[in-house]
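Notes follow once the structure below has been shown.
The values are calculated or read from the model by the stated rules, or taken from the named source; none is laboratory data. Everything quoted here is computed from the prediction, not taken from an experiment. Cβ: placed from backbone, ideal geometry, glycine included. Neighbour counts: every protein chain shown. The accessibility values were calculated without ligands, DNA or RNA, using every heavy atom of the protein model including side chains. Shrake-Rupley method; radii C 1.70, N 1.55, O 1.52, S 1.80 Å.
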Amino acid sequence: MKKLILYLIALLFSYSGYCQKLTSPDNQLVLTFSLLPNGTPTYQLDYKGQPIIRNSKMGFALLHVDRPLAEGFRITDTQFTSSDTTWEPVWGEEKEIRDNHREMLVCLQQEKTDWQVNIRFRLFNDGLGFRYEFPVQPNLRHFRIQNELTEFSLTGDHKTFWIPADYDTNEFPITTSSLSGIAALIDEVRKEPLAAKSPAPNLAVQTPLMMKSANGIYVNIHEAALINYPAMHLNVNDQTFQLSAHLTPDKTGNGAFMQTGSATPWRTIMVSDDARDILASNLIVNLNEPCKIKDTSWIKPTKYMGVWWEYFTGGGSTWSYTDYSDIIIGQTDYTKLKPHGRHGANTQHVKEYIDFAAKHGFDAVLVEGWNEGWEDNHAYIKERIYSFTKPYPDFDAKELQQYAAAKGVKIIMHHETTSSVVNYEHQMHDAFRFMVDHGYDAVKTGYVGGIIPRSEHHDSQWMVNHYNYVTETAADYKIMVNSHEAVRPTGIHRTWPNWIAQESARGTEFESFKGIAPDHTTILPFTRLVGGPMDYTPGIFQGDLSVYGSNPAKGSSTLVKQLALYVTMYSPLQMAADLIENYDRFPDAFQFIKDVAVDWDNTWILEAEPGDYITIARKSKGKNEWFVGGITDENPRESIIDFSFLPKGKKYIATIYADGKDADWRTNPQSYLISSKTISQKTKLKQRLAPSGGVAIRIREIE
């Protein structure tokens with residue numbers, strides 16, 4: 001009888017009415033986990049006594065299984081732990097990162113199948129991470145997830161900064177609207193010709209998703225440690241304000257192929273009543289595994305230039321060597337073809353960039369269009385496009401290797417796959433050996449176009465595995481990776497710090513397509529950059545491209561805002577993207593790009609409001625030198641810069657790069673003033689920012 005009573009009590013606590021609570025270390029966030037009467041797991045998140053995520057369901061729909069892995073569960077065990085440690089990243093915005101969290105592991109078993117699922121929650125002072133874990137078990141080994149049923153039930157019609165769900169691109173403009181306003185706008189945004197790639201759910205958005213409630217609470221939803229799993233989008237119910245997970249499928253409808261002994265990525269929810277906390281959060285990197293590279297001495301934050309922007313200006317330079325369009329990869333003898341004379345990646349031109357980089361203290365030069373195959377780069381037609389080991393006849397790899405080495409400059413390799421991914425994997429080891437043999441230690445990879453094999457999307461499980469495979473293989477060759485058109489980052493750079501940067505959003509190249517709005521860079525740090533650094537490629541001094549000929553595009557910012565982006569748009573890989581002649585025209589402004597650091601000891605978020613403005617201060621790694629960057633949207637504003645982050649009792653000289661009195665991104669973007677001012681820790685500077693303008697400051701201690 002006693003055993004029966006204990007069993008009944010256990011059943012009672014396993015179902016309706018039973019809940020477990022977990023609080024953050026500062027007790028401001030409270031997670032509540034419970035089971036509904038039908039055994040469906042749910043969670044709720046409260047912040048400072050008010051709900052942020054209302055009771056939301058969890059689980060999975062499986063392929064070829066009648067019963068979803070989302071109901072009929074009982075709790076078999078609950079475990080609580082906590083951790084408060086610090087770790088040092090190989091590179092980053094901080095020299096040390098604190099990982100302070102409390103954890104709850106809930107072990108579930110589905111009664112009718114005996115299948116086991118564990119849910120691990122980690123609660124930090126700035127948000128929540130949770131993931132599903134599938135322990136090795138006797139009754140389940142392999143299974144296919146059709147979709148994840150995780151919900152994020154919001155409390156109201158929040159202001160939202162979003163891009164539409166798309167399985168193959170994240171290069172949309174960012175739209176600001178209420179949650180309920182997404183439906184009226186999403187079809188029009190999808191028509192945007194420079195970004196639209198693939199079908200997606202009728203009403204869904206991508207992560208990272210940034211929101212602000214009517215009572216001033218900032219909420220950011222994303223994921224961490226995306227490994228062997230599809231990227232997550234969010235379905236939007238604009239009536240109930242409920243979001244739900246939507247996994248990127250392959251084109252046959254499969255979401256994820258799984259086996260027990262594995263786990264999903266972490267679902268992340270950052271919460272604060274101060275927008276600065278979202279930018280300062282380390283929640284996502286803390287949810288990733290520690291570094292797996294034993295010797296990281298070869299991984300170096302890098303400032304570079306490149307044979308790149310000239311392809312976008314309309315001035316006539318091209319990636320391809322010849323106009324000849326009937327190229328047979330691996331069989332065509334390019335030395336017998338007539339070059340068209342506009343090929344950018346030729347030996348002499350690359351030497352000009354190497355000379356300029358060496359003269360001005362840059363680490364490297366990127367060269368795009370150096371290799372055979374650019375004349376026929378349509379991956380949706382052909383499986384094999386490029387050779388990654390055969391240069392064009394006018395690009396002498398050995399000569400340039402010796403020339404760059406003598407100048408103390410590296411050359412950055414470019415591997416544009418045009419999404420012919422299987423072909424790239426077949427050539428990858430040969431390509432990396434070619435890089436090692438010719439002195440390259442970094443590669444920019446590209447995935448323009450539709451994926452081959454044709455059953456995959458850019459954000460599918462298969463492609464997620466590909467991006468990770470490239471990075472891990474590159475580490476074996478001591479090569480850093482900067483991926484473009486890849487799945488958006490989720491903090492994996494902690495584990496593989498040679499994945500030094502990504503694009504994965506609308507970057508500077510869209511300035512040449514008239515596709516950047518003034519508020520774009522005031523939103524990106526709250527969305528795309530919460531997952532990891534972006535190779536945004538700032539530094540465009542000549543934004544009016546009509547001066548080069550046929551391109552009528554005009555830039556979206558003042559020249560000074562372009563300087564400030566080196567501080568506000570964090571990356572350990574920063575490009576001075578403009579043409580050499582434009583830096584020669586403005587040498588005093590160019591000095592800030594030469595001086596600004598790419599690796600940091602400390603970061604302070606001074607001012608921030610998504611879509612409006614950002615001001616950030618950073619201390620250079622290992623130096624008594626600080627930099628400040630402030631930017632605004634299309635509206636002018638007065639920034640109040642508080643220098644209390646500086647050490648006490650000392651004087652400093654601040655070199656201030658400011659918008660001119662008549663500066664305006666539309667009419668006079670190149671108007672700027674440079675001044676110097678003695679400051680201390682007590683100084684507060686009021687600085688006017690022009691429409692879509694900025695301020696950039698270099699600070700040095702007065703000896």
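Quick notes on this one:
- When each of Thr76, Thr81, Thr86, Thr113 is tested for being under 28 Å from the mean Cα position of the chain (by Cα) and open to solvent by 20 Å² or more (accessible area, probe 1.4 Å), the lone residue that passes is Thr86.
- Of residues in region 549-560 being on the phi < 0 side of the Ramachandran plot and out of contact with any Leu (no Cβ under 9 Å at 6 or more places or on another chain), the one surrounded by the fewest Cβ atoms within 10 Å (Cβ to Cβ): Ser550
- Among the helices (runs of 4 or more DSSP H) confined to region 389-496, the ones with at least 1 residues that are aromatic (Phe, Trp, Tyr) and either touching a Phe, Trp or Tyr at 6+ places or on another chain (Cβ under 8 Å) or open to solvent by less than 10 Å² (accessible area, probe 1.4 Å) (or both) are located at 421-437, 461-476.
- Among the residues making up region 168-188, those that are open to solvent by less than 40 Å² (accessible area, probe 1.4 Å) and under 21 Å from the mean Cα position of the chain (by Cα) are Asp168, Thr169, Asn170, Glu171, Phe172, Pro173, Ile174, Thr175.
- On inspection, Phe241 fails the criterion of being surrounded by fewer than 17 Cβ atoms within 10 Å (Cβ to Cβ) and either more than 14 Å from Gly531 (Cβ to Cβ) or of a type in the set (Ser, Thr, Tyr) (or both).
- Among the residues of this structure, Leu279 does not count as one that is open to solvent by 10 Å² or more (accessible area, probe 1.4 Å), at pLDDT 95 or above, over 30 Å from Asn27 (Cβ atoms) and part of a helix (DSSP H, G or I).
- Residue list for region 345-363, restricted to those being closer than 22 Å to Pro572 by Cβ and either basic (Lys, Arg) or open to solvent by 20 Å² or more (accessible area, probe 1.4 Å) (or both): Ala358, His360, Gly361, Asp363
- Taking first residues from region 337-356 that are touching a residue at least 60 places away in the same chain (Cβ under 8 Å) and partners that are part of a helix (DSSP H, G or I), the Cβ contacts under 8 Å between residues at least 6 apart in sequence or on separate chains come to Val350/Leu400; Glu352/Ile580; Tyr353/Ile580; Phe356/Ile580; Phe356/Tyr583.
- Residue list for region 220-251, filter: assigned to a strand (DSSP E or B) and among the polar types (S, T, N, Q): Asn220, Asn235, Asn237, Gln242, Ser244
- Positions within region 1-45 being of a type in the set (Gly, Ala, Ser), farther than 20 Å from Ser272 by Cβ, in a loop (DSSP other than H, G, I, E, B) and at pLDDT 95 or above, in sequence order: Gly39
- Those residues of region 530-547 which are surrounded by fewer than 24 Cβ atoms within 10 Å (Cβ to Cβ) and in a helix (DSSP H, G or I), in sequence order: Leu545, Ser546, Val547
- Test result for Asp642, within 20 Å of Ala589 (Cα to Cα) and surrounded by 13 or more Cβ atoms within 10 Å (Cβ to Cβ): no
- Residue within region 572-583 that is part of a helix (DSSP H, G or I), more than 30 Å from Asp277 (Cβ to Cβ), of a type in the set (Phe, Trp, Tyr) and modelled with pLDDT under 95 present: no
- Criterion violated by Ile53 - all others in (1) surrounded by fewer than 18 Cβ atoms within 10 Å (Cβ to Cβ); (2) in contact with a strand residue (DSSP E or B) (Cβ under 9 Å, 6 or more places away or on another chain) satisfied: (1)
- Comparison of Leu62, Leu69 shows that the only residue that is surrounded by 14 or more Cβ atoms within 10 Å (Cβ to Cβ), under 31 Å from the mean Cα position of the chain (by Cα) and more than 20 Å from Arg122 (Cβ to Cβ) is Leu62.
- Only a single item in (1) in contact with a Lys or Arg (Cβ under 7 Å, 6 or more places away or on another chain); (2) at pLDDT 95 or above is not met by Lys112, and it is number (2).
- Residue pairs meeting the criteria (Cβ under 9 Å; at least 6 apart or on separate chains; first of a type in the set (Phe, Trp, Tyr) and open to solvent by 10 Å² or more (accessible area, probe 1.4 Å), in region 566-586; second in a helix (DSSP H, G or I) and modelled with pLDDT of 95 or more): Tyr570/Pro525; Tyr570/Leu529; Phe586/Leu559
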